[in-house]
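S.K.: Dropping the structure in here first, questions after.
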Amino acid sequence: MDKIFIIGNKPLSGEVQISGAKNAVLPIMAAALMVKGNSKITRVPRLKDTFTMIQLMEIIGAKCDFEGNTLLVNGDNINNPEAPYELVKTMRASFYVLGPLISRFGFVKVSLPGGCAWGPRPVDFHLKALEKLGAKITLKGGYILAEAKRLIGCKIGLDFPSVGATGNILMAASTAQGKTIISNAAREPEIGQLCRYLNKMGANISGIGTTNLVIDGVEKLNASNIEVIPDRIEVGTFLAAGALLGKIKLNQLNPKHLKSVLQQLKKAGCHIEETNNSLTITKANSIKPLNIETKVYPGFPTDLQAQWISIMILANGRSKVTDNVYYDRFSHVPELNRFGANIKLKKNTAFIEGVKEIIGAPVMSTDIRASASLIIAGLAARGKTEINRVYHIDRGYENIEDKFRQIGADIWREKG
Ligand code: EPZ
């Protein structure tokens with residue numbers, strides 16, 4: 001297994017080009033399974049997860065051609081509406097094929113996703129919604145079997161604004177008979193882009209960006225093209241490093257997707273310059289301790305909770321970080337304490353006592369965003385850090401060590 005090494009405490013300066021969003025491209029790729037013909041998706045990040053999704057799409061029968069950051073999908077010969085356990089267990093987002101395949105074939109067999117590093121992540125909202133749309137759902141040998149001659153539109157109220165469930169319902173309802181209304185829908189920018197992509201394919205979705213999405217079912221969708229939106233979580237990850245270590249400019253992004261994060265970084269003492277497609281952050285002389293709580297969009301994102309803690313461990317005082325989306329997403333805390341941070345956990349809150357400096361150490365990645373927090377801590381630490389199990393970070397970040405090296409970090413990978 002590869003390892004990433006860092007010699008910390010080097011000032012960062014320069015520019016970073018932001019990649020397309022992992023959490024936007026995965027549902028878009030799934031949506032391309034709904035149609036025959038050629039779909040062209042651009043600004044696709046080269047990640048472990050996008051390659052896994054391509055593998056799954058090819059098992060289902062799609063023809064995929066991935067050159068640079070452009071993905072061409074041909075759906076003419078899709079004939080196997082099944083997502084096998086071997087793939088779904090490595091990437092929960094494989095579950096996104098549920099809506100598209102039941103819409104196109106009236107039948108789908110998808111393995112239940114395994115638990116994630118921070119505990120089981122159920123899919124009950126997805127299944128309850130499909131049943132309401134008229135699908136017959138059975139569970140057999142760890143697989144979900146869903147079938148419906150044609151789904152019938154209806155009112156669906158989500159108990160929680162689940163991103164994945166909202167995505168699956170949007171794709172299933174696009175060709176259902178009649179109108180579907182999703183209340184308490186997710187408002188993440190990645191869901192907004194999925195709505196726009198489906199509408200380009202011929203769907204009829206309104207209320208985009210609100211918690212009430214209305215889908216007027218259509219008979220047929222057609223292949224279309226789309227450019228993936230910038231990855232706001234990658235932006236937040238580099239902003240966290242800049243907050244501690246220098247002055248860096250991030251390009252090709254949409255600052256509107258990070259309002260809650262920019263607000264907190266400014267309150268913590270960082271200077272931020274904004275244009276319509278870039279952000280320049282200058283580190284704070286001393287980081288002010290702030291209490292934050294993660295929320296669904298447009299609140300502070302849970303996917304930046306770990307990276308935010310890496311800032312707060314060097315703040316000038318005491319702070320708290322509560323995760324209201326995933327109560328046990330704190331596997332990075334014991335690893336950060338190995339750097340000499342002082343973090344105590346109580347239920348879904350991390351209590352942090354800021355320290356003056358942290359010291360490099362051997363640590364272990366446990367999930368995509370936890371790994372990012374370890375890189376940030378390693379960059380800020382005195383001495384050498386060794387990060388193990390970096391396959392986690394490769395799932396969600398495109399060439400992360402190259403991007404950090406370009407702005408002055410002493411960081412390298414050793415193939416294992
Ligand atoms: C998406 O996961 C993202 N993944 C996650 O990013 C992100 O953390 C999450 O949304 C929250 O923003 C992708 O987009 C591929 P949810 P998803 O359904 O859709 C509970 C990353 O690092 N829930 O919004 O799986 C669930 O347990 C990844 O890029 C149910 O109870 O998240 C969680 O507590 C990690 N039943 C909450 O809802 C369900 O049927 C939010 O989950 C579905 C979800």
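S.K.: Looking at segment 88-116, which of its residues are surrounded by fewer than 17 Cβ atoms within 10 Å (Cβ to Cβ) and under 18 Å from the mean Cα position of the chain (by Cα)?
M.R.: Lys89, Gly114, Gly115, Cys116 - these are the residues of segment 88-116 that are surrounded by fewer than 17 Cβ atoms within 10 Å (Cβ to Cβ) and under 18 Å from the mean Cα position of the chain (by Cα).
S.K.: Determine which member of the set Leu262, Leu258 is in a helix (DSSP H, G or I), in contact with a Leu (Cβ under 9 Å, 6 or more places away or on another chain) and within 22 Å of Ala185 (Cα to Cα).
M.R.: Leu258
S.K.: A further question on this structure: Given the conditions (1) free of Cβ contacts under 8 Å to residues at least 40 places away in the same chain; (2) open to solvent by less than 10 Å² (accessible area, probe 1.4 Å); (3) within 25 Å of Lys415 (Cβ to Cβ); (4) within 22 Å of the chain's Cα centre (by Cα), report the number of the one that Met364 does not fulfil.
M.R.: In the conditions (1) free of Cβ contacts under 8 Å to residues at least 40 places away in the same chain; (2) open to solvent by less than 10 Å² (accessible area, probe 1.4 Å); (3) within 25 Å of Lys415 (Cβ to Cβ); (4) within 22 Å of the chain's Cα centre (by Cα), Met364 misses (2) alone.
S.K.: Among the residues of segment 319-329, count how many are of a type outside the set (S, T, N, Q) and either open to solvent by less than 10 Å² (accessible area, probe 1.4 Å) or without any contact (Cβ under 8 Å) to a residue 12 or more places away in the chain (or both).
M.R.: Final tally of qualifying residues: 2.
S.K.: From the list Ala186, Ala148, which one is modelled with pLDDT of 95 or more and in contact with a Pro (Cβ under 7 Å, 6 or more places away or on another chain)?
M.R.: Ala186
S.K.: Within segment 341-355, how many residues turn out to be free of Cβ contacts under 8 Å to residues at least 24 places away in the same chain and away from the ligand (no atom under 16 Å from the Cβ)?
M.R.: Selection size over segment 341-355: 3.
S.K.: Does at least one position in segment 371-393 carry a residue that is without any contact (Cβ under 8 Å) to a residue 60 or more places away in the chain, of a type in the set (D, E, K, R) and at negative phi?
M.R.: no
S.K.: Just checking: which of the strands (runs of 3 or more DSSP E) contained wholly in segment 1-115 hold 1 or more residues that are closer than 23 Å to Ile169 by Cβ?
M.R.: Per the criteria, 38-42, 70-74, 107-111.
S.K.: In the set Glu274, Glu227, which member is open to solvent by 50 Å² or more (accessible area, probe 1.4 Å), closer than 30 Å to Ile102 by Cβ, away from the ligand (no atom under 16 Å from the Cβ) and at pLDDT 95 or above?
M.R.: The conditions single out Glu227.
S.K.: So, one more: Are any residues in segment 283-311 crowded, with 17+ Cβ neighbours inside 10 Å and in a strand (DSSP E or B), and if so, which ones?
M.R.: Within segment 283-311, Ile292, Thr294, Phe300 meet the criteria.
S.K.: Here's something else I'd like to know. Which residues, counting only those in segment 127-173, are open to solvent by 50 Å² or more (accessible area, probe 1.4 Å), free of Cβ contacts under 8 Å to residues at least 24 places away in the same chain and either within 12 Å of the ligand (Cβ to nearest atom) or hydrophobic (A, V, I, L, M, F, W, C) (or both)?
M.R.: If the condition is that a residue be open to solvent by 50 Å² or more (accessible area, probe 1.4 Å), free of Cβ contacts under 8 Å to residues at least 24 places away in the same chain and either within 12 Å of the ligand (Cβ to nearest atom) or hydrophobic (A, V, I, L, M, F, W, C) (or both), then Lys128 is the only one that fits.
S.K.: Pairs, please: C-beta under 8 Å, at least 6 apart or cross-chain, first residue over 20 Å from Asn324 (Cβ atoms) and in the same structural domain as Lys347 (by TED's automatic domain parsing) and in segment 103-121, second polar (S, T, N, Q) and at pLDDT below 65?
M.R.: That search, which allows pairs on different chains as well, returns nothing.
S.K.: Hey, among the residues in segment 174-194 that are more than 16 Å from the ligand (Cβ to nearest atom) and under 27 Å from the mean Cα position of the chain (by Cα), which one's most open to solvent (accessible area, probe 1.4 Å)?
M.R.: Here the answer is Ile181.
S.K.: Based on this model, can you work out whether Lys200 counts as out of contact with any Cys (no Cβ under 7 Å at 6 or more places or on another chain) and within 23 Å of Asp231 (Cβ to Cβ)?
M.R.: Taking the combined requirement at face value, the residue satisfies it.
S.K.: Next question. Working only within segment 266-275, note down all residues that are closer than 23 Å to Gly299 by Cβ and either in contact (Cβ under 8 Å) with a residue 40 or more places away in the chain or part of a loop (DSSP other than H, G, I, E, B) (or both).
M.R.: Listed by number, the residues that qualify are Ala268, Gly269, Cys270.
S.K.: Here's something else I'd like to know. Filter segment 368-391 down to residues that are in a helix (DSSP H, G or I) and modelled with pLDDT of 95 or more, then give me how many there are.
M.R.: The number of residues fulfilling the criteria is 13.
S.K.: Sticking with this structure for a sec: Is segment 212-235 home to any residue that is farther than 26 Å from Ile368 by Cα, free of Cβ contacts under 8 Å to residues at least 40 places away in the same chain, assigned by TED's automatic domain parsing to the domain that holds Met29 and part of a loop (DSSP other than H, G, I, E, B)?
M.R.: Within segment 212-235, none of the residues are farther than 26 Å from Ile368 by Cα, free of Cβ contacts under 8 Å to residues at least 40 places away in the same chain, assigned by TED's automatic domain parsing to the domain that holds Met29 and part of a loop (DSSP other than H, G, I, E, B).
The values are calculated or read from the model by the stated rules, or taken from the named source; none is laboratory data. All values reported here derive from a predicted model rather than from experimental measurement. Every residue, glycine as well, gets a Cβ built from its backbone with ideal geometry; the counts of neighbours run over all protein chains shown. Surface areas here come from the heavy atoms of the whole protein model, side chains and all, with no ligands, DNA or RNA. Shrake-Rupley method; radii C 1.70, N 1.55, O 1.52, S 1.80 Å.
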